[in-house]
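Okay, structure first, notes after.
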Amino acid sequence: MAPKPLAPLARRLFKGVVLLEVAGVLGAYSLFYKMNTSQDFRNRMNNMLPSVLEVYYKSNEYAGVYGIREKDLEDWSKKE
C-alpha cells in the first residue's frame, strides 16, 4: 500500500498557521484600540500589566504621538 501524500496535511497546517496569525493581529489591534480610546483601561493595564502599557507608550512615541504618558500620570495623580 502506498503512503498517503503529505499535501493535504501541509495545506491544513498552513491554514491553521494563517488563522492563528490573523487572530493574533486582530487581538493586538483590538488591545491597542481599547488602550488608545480609554484612559480607564490604560489605568487598569498599568495596575495589571505595566509592561504592556509601556509598549503602548513607546509605540506611540515612535509614531510621533507624544504626551499621552504625561497626561495619564497627571490625571491619575489627581484621582488619588
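For this structure, a couple of remarks:
- Where a residue in the range 24-37 is surrounded by 10 or more Cβ atoms within 10 Å (Cβ to Cβ) and its partner, wherever it lies, is assigned to a helix (DSSP H, G or I) and of a type in the set (Val, Ile, Thr), with Cβ under 9 Å and at least six apart: LEU31/VAL52; MET35/VAL52; ASN36/ILE68
- Which listed residue is in contact with a Lys or Arg (Cβ under 7 Å, 6 or more places away or on another chain) and closer than 24 Å to VAL65 by Cα, from PHE41, PHE32: PHE41
- Count of the range 44-69 residues which are over 16 Å from GLY27 (Cα atoms) and in contact with a Lys or Arg (Cβ under 7 Å, 6 or more places away or on another chain): 1
Okay, residues lined up against (1) surrounded by 13 or more Cβ atoms within 10 Å (Cβ to Cβ); (2) in contact (Cβ under 8 Å) with a residue 24 or more places away in the chain; (3) assigned to a loop (DSSP other than H, G, I, E, B):
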residue	(1), (2), (3)
LEU13	no, no, no
VAL22	no, no, no
GLU54	yes, no, no
LYS58	no, no, no
VAL65	no, no, yes
TRP76	yes, yes, no
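- Conditions (1) farther than 19 Å from LYS79 by Cβ; (2) modelled with pLDDT of 95 or more; number of the one not met by PHE41: (1)
- Qualifying residues in the range 1-11 (those that are in a helix (DSSP H, G or I) and of a type in the set (Gly, Ala, Ser)) - the one farthest from VAL55 (Cα to Cα): ALA7
The values are calculated or read from the model by the stated rules, or taken from the named source; none is laboratory data. Remember, predicted model here, so these are calculated numbers, not experimental data. We place every Cβ from the backbone using ideal geometry, glycine too, and count neighbours over all the protein chains shown.
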